[in-house]
Every structure is written in C-alpha cells, then in structure tokens.
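The values are calculated or read from the model by the stated rules, or taken from the named source; none is laboratory data. None of the values given here were measured: they were computed from a predicted structure. Cβ atoms come from the backbone with ideal geometry, glycine included; neighbour counts cover every protein chain shown. Only protein heavy atoms, including side chains, enter the accessible area calculation; ligands, DNA and RNA are left aside. Shrake-Rupley method; radii C 1.70, N 1.55, O 1.52, S 1.80 Å.
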Amino acid sequence: MELLLIKEGFPLLSFLIFLPLVGAVVLLFFHGQTFARLWALVVTGATAVSSIPLLTGFDSSSTKYQLAEAYLWIPRFHINYIVGVDGISILLVLLTTLIMPFCVLASWKYIQQRVAPFMFCLLVMETSMIGVFVALDFVLFYIFWEFMLIPMYLLIAVWGGPRKVYASIKFFLYTLAGSVLLLVAIIALYLRSGSFFIPEMMWQPYSLTFQVLVFLAFFLAFAIKVPMFPFHTWLPAAHVEAPTAGSVILASILLKMGTYGMLRFCLPITPDATFLLATPILWLSIAGIIYGGFTALAQQDMKKLIAYSSVGHMGFVTLGIFVLNIRGVEGAILQMINHGVTTGALFLLVGMIYERTHSRELALATGVGRYMPWFVTLLTFFSLSAFAFPGTNSFIGEFMVLAGTFQHNTALALAAIPGAVLAAAYMLRMLQKIVWGGTANPDQSYLTDLGVREVVVLTPFLVFVFWIGLGPQPFINLIHGSVHHLVEQLVNWQQNQQVASVLWH
C-alpha cells in the first residue's frame, strides 16, 4: 500500500464511479422519454464537472497512485476495493467523463424508442469504463471489465441497424473470448503472488515461461479489445450497426481499454516476455496500420471507412507502446486521447448526416457542402485531424510515436510512414465527395444544416483538436512522470537481467 497516496476526505473516485450507476437505478422507476433524456444529461454532466478536481488534486511529479481509496472487501480471498489514478490513467478517466454528456445529446432525436432503457445502458457503461481505468485490485478491475460487456451488447442488439443481431453477437463472442483469457492470467498471478493488488504483482521475478504464458493471455485479451490486426473483424460490424452514441463510446473509450491494459499489465507484470515478444508485436502493429489504411480507402460506407481507420490509428498506439521508450509511450497515450476526440467527432458527424439522408453511403452524401456549410466546415477540421495535419492534435501524437519508433528501429518507422499517407488519401477522398462530389450529384436541396444542439455537441471536440495540436505541453506534463518511471523501470529491469545472465555464465 506504500505505492498509494490515500485520499483523505471526500472519496472523489468512488463518487465518479457510482454517480452514473445511481442515476441508472433512478431510470428503473421513471420511464418518461423527456425525463430520461434530461436525467441522463444531468447525471453525465454532473459526473463530467465532478471529474475536473482530478486535475487540481493530481501531482504530476509523483509516481504513486493518487487520490487513492482502499477498503477491505473480501479479506478471506485478499480481494479489496482499491482505486487510484496515475499519469497513465488520468487522461482516460477525463476523456470518459467529458465525452458521455455529448453521447446523450447526440441521442436526443436519434433514439425514439425505449429511451429510458437506452439512457440506462449509457449510464451503466460510464460506471464500468471509469471503474476499469481506476481499479487497482484485479478482481475489481475484472468486474468492471465484464460489467461493460452487457450494456454495450444491448446498445447494438436493441438500437442497432439491420444486421444488429449478427454484429452484437460477434462483438459479445470476441470480447468474451478475451475476457476468459484475462481471467486465466489473473488467477495464475494470484496463485503466484497471493494477492489481487495490481501494483504488488509488478516487477516480480516470475520465470520466463510463466511470464510468456501470462503475457500471451493478457495480450490476446487486450488485442481483441483494441482491436489489433488480425483480431479486428468484429469492429466494422459493431460500428456500422451501433447507434451513434454506441459508435462514439466504442471508438473513443472502449478501444482504449485494450491499450491501457497493455501499458498497465503487460509491461510491468511481464517485462521479460515484453522484451522477448515486442518485435513481432511491432510488426503486427505496422501490418494493422497498412491494412487499416488500404481497407478504409476502399469503403463506400462512411461508418465502415472510419471504423477501418481506427484499426490503423490504434496500430500507431500499439507501435508507440512497444518501442518501449519515453517518446513512444507518451505519444501512444496522447494518441489514445487524440483518437478518442477525433474519431468520436467523426462518428457524431456521420450520425448527423444519417439522420437527414437515412444513409451512410458516400454516393448519397455527395455535394452536401452547398446546403450544409457548418457541417462540411466541421467535417474538414476533423478530417484534417484524422490524418495528422500539422496544428491538429493527432499530428502531435503521431509525431511522438514516429520519433520514438525511429529511436528504436529506423526500418520500423519507415514502414509505418505509408500508413500516414494512406490516412490522408482516404480522409481527403471522403471529404472531396461530401463537400463537392461530381457533376451528377443527387438532389440535396432538402437538407438542413446543423442546428444549435449539434454545433454545441461538436464544439468541445474542436477545441481539443486545436488545444492539443497547438499547446500539448499541459497534457504531456500530466503523463510524463508516470511514463518516465515506467520506462526507467523497464530499462533497469533489462540491465539487471543482462548482468545476472553474465554472472550466471
């Protein structure tokens, strides 16, 4: 417990976790559509505002888990309620709390049937996602990890598109397979360490065979969630069939749970296996970047295009993590936030055009720039961010990842560069078709431009695109201490193992 800075007084993290859950319980008793929308907006808004003090109470120079709370839960089995944040998790918690009110607003008109159950699922999702990012007990982490599965399945299966049953079952089965592997790894670690306290499992002298087996179980579970190539096939179906809010949550937050798990568990718990298997994972990341780019370039469905682009963008995140240096890991964490902001906004925009045309096909959205100037202006900015145009948020994250990759291996970095070129190709192709189209555009004169609610939803995303793009230092400062500590421990571990090997021989 010496790794924790226990929070005295108001239990802020527990409040953030359980406020949405309490809000969801209220919706079990009050089913009115207007009340459900307003109540969900109030609860998610209150959670977002309540998360701001995380920044004021966080010491970025400390490497301990901060604002921590620790309570006995099931002592007989060494299971406790322990939560805390560090530089690796704080931005992900804030990303979750700040995006959820806009998911509610995006569903204001889109969801007309079973509104209260829909908002119930959103609030339960928020509880589980925040819990994943702050849990420091493995059983608690696993409960939140699994808790997320049911409401996301329902969002797709109940409020999804024509192939919603296929997409929801595929999502459920893939994620469940990963969860089983995760549970096996957790039990194996508990049997070795006698504890479920995550920090106590880190940097322990487990045998190489044990580490490799645990690493593979962890990695497969998290690679499915990211999803990394070739475990990505559930993602396009889930994105296409999910309602707009579901797509935003999936892209902005759920995918980050996989890369967060790699940083939190794979690197510090199984460092020897990480060094041993990093190279094939790096080349798998490159394959995902290139594959995602080419596949996105071939899409005619806007949601599929953005879904496949996520495979490429998350490839840059895993690339940054497994180069195992400060630039790469910091770039990966920043790119997790950037992807959440930019791709979330793009899915919101696709949902807005779908509400008007009842289609996601590029062919039926061509030439809307003449009638929807606000729409195409915002689409332009977010498209520029999506292919890392200088001055936008994604440029900073991608630049740091590539800088870390060049530091690690020049050939890897050169292999990743075509992915950036492909991103420009598919985003500009989509942008050109939507803004101008060709000489035979469909009649778009019936379309109305974005309303005040829709502009309000998208404006905060735009603010972060340029805030991170032009002034990223405050965000880098938040994560630097924890990242530096993690990488320093990895380097020291590797050096100590090399020294031990020399002495042994």
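If you check residue 122 against the conditions, is it farther than 29 Å from residue 200 by Cβ, outside any loop (DSSP other than H, G, I, E, B) and out of contact with any Phe, Trp or Tyr (no Cβ under 9 Å at 6 or more places or on another chain)?
Yes.
Residue by residue, here is whether (1) of a type outside the set (D, E, K, R); (2) closer than 25 Å to residue 288 by Cβ; (3) at pLDDT below 85 holds:
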residue	(1), (2), (3)
168	yes, yes, no
178	yes, yes, no
183	yes, no, no
193	yes, no, no
200	no, no, no
204	yes, no, no
208	yes, no, no
215	yes, yes, no
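Within region 96-125, how many residues turn out to be within 16 Å of the chain's Cα centre (by Cα) and surrounded by fewer than 23 Cβ atoms within 10 Å (Cβ to Cβ)?
Residues flagged as within 16 Å of the chain's Cα centre (by Cα) and surrounded by fewer than 23 Cβ atoms within 10 Å (Cβ to Cβ) within region 96-125 amount to 1.
Scan region 171-201 for residues that are part of a loop (DSSP other than H, G, I, E, B) and either surrounded by fewer than 17 Cβ atoms within 10 Å (Cβ to Cβ) or touching a Leu at 6+ places or on another chain (Cβ under 6 Å) (or both) and jot them down.
Once the filter is applied, which keeps residues that are part of a loop (DSSP other than H, G, I, E, B) and either surrounded by fewer than 17 Cβ atoms within 10 Å (Cβ to Cβ) or touching a Leu at 6+ places or on another chain (Cβ under 6 Å) (or both), region 171-201 yields 194, 195.
Here are some conditions: (1) touching a residue at least 60 places away in the same chain (Cβ under 8 Å); (2) out of contact with any His (no Cβ under 7 Å at 6 or more places or on another chain); (3) surrounded by fewer than 18 Cβ atoms within 10 Å (Cβ to Cβ). Residue 205 meets all but one. Which one does it not meet?
That leaves (1) as the condition not met.
Residues that are buried (at least 21 other Cβ atoms within 10 Å of the Cβ), within 19 Å of residue 425 (Cα to Cα) and of a type outside the set (Gly, Ala, Ser): does region 322-340 have at least one?
Yes: region 322-340 contains one or more residues that are buried (at least 21 other Cβ atoms within 10 Å of the Cβ), within 19 Å of residue 425 (Cα to Cα) and of a type outside the set (Gly, Ala, Ser).
Within region 30-47, can you find the residues that are without any contact (Cβ under 8 Å) to a residue 60 or more places away in the chain and within 25 Å of the chain's Cα centre (by Cα)?
Scanning region 30-47 gives 42, 45, 46.
Within region 326-342, is there a residue that is over 23 Å from residue 84 (Cα atoms) and of a type in the set (A, V, I, L, M, F, W, C)?
yes
Here is a list of conditions, (1) farther than 23 Å from residue 289 by Cβ; (2) out of contact with any Ser or Thr (no Cβ under 8 Å at 6 or more places or on another chain), and residue 422 meets all of them except one; can you say which number that is?
Residue 422 satisfies every listed condition except (1).
Just give me the residues in region 356-381 being hydroxyl-bearing (Ser, Thr, Tyr) and either under 28 Å from the mean Cα position of the chain (by Cα) or not in a loop (DSSP other than H, G, I, E, B) (or both), in sequence order.
Here is the first cut: in region 356-381, the ones hydroxyl-bearing (Ser, Thr, Tyr) are 357, 359, 366, 371, 377, 380.
Once the filter is applied, which keeps residues that are hydroxyl-bearing (Ser, Thr, Tyr) and either under 28 Å from the mean Cα position of the chain (by Cα) or not in a loop (DSSP other than H, G, I, E, B) (or both), region 356-381 yields 357, 359, 377, 380.
For region 208-223, give me the residue count where each residue is open to solvent by 50 Å² or more (accessible area, probe 1.4 Å) and touching an Asp or Glu at 6+ places or on another chain (Cβ under 6 Å).
1
Show the residue pairs meeting these rules: Cβ distance below 9 Å; 6+ apart or different chains; first residue within region 276-299 and under 21 Å from residue 361 (Cβ atoms); second residue open to solvent by 50 Å² or more (accessible area, probe 1.4 Å) and not in a helix (DSSP H, G or I).
Between residues of region 276-299 that are under 21 Å from residue 361 (Cβ atoms) and residues that are open to solvent by 50 Å² or more (accessible area, probe 1.4 Å) and not in a helix (DSSP H, G or I), the close pairs are 292/229.
One line per residue, one yes/no per condition, for (1) within 15 Å of residue 16 (Cα to Cα); (2) free of Cβ contacts under 8 Å to residues at least 40 places away in the same chain; (3) among the aliphatic types (A, V, I, L, M):
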| residue | (1), (2), (3) |
| --- | --- |
| 49 | yes, yes, yes |
| 58 | no, no, no |
| 63 | no, no, no |
| 69 | yes, no, no |
| 72 | no, yes, yes |
| 78 | no, no, no |
| 81 | yes, no, no |
| 84 | yes, no, no |
| 91 | yes, no, yes |
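Any residue in region 174-190 that is farther than 19 Å from residue 204 by Cα sitting within a Cβ distance under 6 Å of a residue that is assigned to a helix (DSSP H, G or I) and open to solvent by 50 Å² or more (accessible area, probe 1.4 Å)? List the pairs, counting only those 6 or more apart or interchain.
That search, which allows pairs on different chains as well, returns 181/220.
Could you count how many residues in region 132-145 are surrounded by 24 or more Cβ atoms within 10 Å (Cβ to Cβ) and of a type outside the set (Phe, Trp, Tyr)?
4
Assuming residue 473 fulfils every condition listed in (1) in contact with a Phe, Trp or Tyr (Cβ under 9 Å, 6 or more places away or on another chain); (2) polar (S, T, N, Q); (3) open to solvent by 80 Å² or more (accessible area, probe 1.4 Å) apart from one, which condition is it?
Unmet condition: (1).
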